[in-house]
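Below is one structure, written out as C-alpha cells, with a few remarks after it.
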Amino acid sequence: MHNFSHVEETGCHMDSWLQYSVILGCSDGETDLLFSWTLRFFSPVTDMRLYLFLAVTLMTLLTEVVQGAEKKKLQIGIKKRVENCPIKSRKGDVLNMHYTGKLEDGTEFDSSIPRNQPFTFTLGTGQVIKGWDQGLLGMCEGEKRKLVIPSELGYGDRGAPPKIPGGATLIFEVELLSIERRSDL
C-alpha cells in the first residue's frame, strides 16, 4: 500500500492525482506471470504521453513473451487412432516404438524403421528426451503420433552433434508397437 502523507504535506489534494493501474497476466501452463503497474502523476497533459508510451511498450513486450511461450510448448498430433484401447501408456511402462526424427527443415536425423528394430525404453524415467517422456503418455498400442518438440524438451542449446544442432525443434513421427506393463509397486 502507498503512503500518501506527502500529498497532504505539499498541499495537493488526492483529487488532482491521476491514477492508472495496468494489470497484465499470462500463463504458459507451468508458470503464471502477473504484472501490476500503477501510474500516478500530477500533469495529465505532459505525463500522459510518456505513460501511454510505457503502457503500450509493456503490453507489446508481454505479447512477445506469450507468443514465445506458445512456440515452446510440446505439440502432439494424433496420426492414427486406435478404437479398442484396453491399455494406455503410463510412467514406468516399457514401450516398444518405431520412430522417425526430423528437423524443421525436413532433414531426417534418425529412424528405427530402416533398421527394422523398434526402440525400447521405460517411459517417464529420463531414458529419453523430455518431449518423449511427456508426449507418449496415454498412448495406445498401434497408435501413431506426430510430436513437435521444442529444444527445451529435446537436446537444448547443445544439440546432439553432428546431426542435431543446438536449439533445434524436433519433429517425430512415432508408432507404439507394444506396452510392457510393470507391476505396480
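Values in this text are rule-based calculations from the coordinates and carry no lab data. Quick caveat, the model's predicted, so the values are computed rather than measured. Here the Cβ positions follow ideal geometry from the backbone for every residue, glycine too, while neighbour counts run over all protein chains shown.
Looking only at the stretch 79-106, how many residues end up being closer than 27 Å to Pro165 by Cα, touching a residue at least 40 places away in the same chain (Cβ under 8 Å) and of a type outside the set (A, V, I, L, M)?
8
Return the total of residues in the stretch 146-164 being part of a helix (DSSP H, G or I) and of a type outside the set (A, V, I, L, M).
So the count comes out to 2.
Output the strands (runs of 3 or more DSSP E) that fall wholly within the stretch 51-145 and possess 3 or more residues being more than 23 Å from the chain's Cα centre (by Cα), or say none.
Filter on the stretch 51-145 gives 94-103, 108-111, 119-122.
Sort through Gly106, Gly142, Gly124 and tell me the only one that's farther than 12 Å from Val174 by Cα, of a type outside the set (D, E, K, R) and in contact with a strand residue (DSSP E or B) (Cβ under 9 Å, 6 or more places away or on another chain).
Just a single option satisfies the conditions, and that option is Gly106.
Quick check on the stretch 149-170: of everything there that is surrounded by 18 or more Cβ atoms within 10 Å (Cβ to Cβ) and among the aliphatic types (A, V, I, L, M), which residue is nearest to Tyr99 (Cα to Cα)?
Only one residue tops the list, namely Leu170.
Looking at the stretch 121-137, which of its residues are loosely packed, with under 14 Cβ neighbours inside 10 Å and touching a residue at least 24 places away in the same chain (Cβ under 8 Å)?
Passing the criteria: only Thr125.
Of the residues that make up the stretch 165-185, is at least one assigned to a strand (DSSP E or B), more than 26 Å from Asn84 (Cα to Cα) and under 24 Å from the mean Cα position of the chain (by Cα)?
yes
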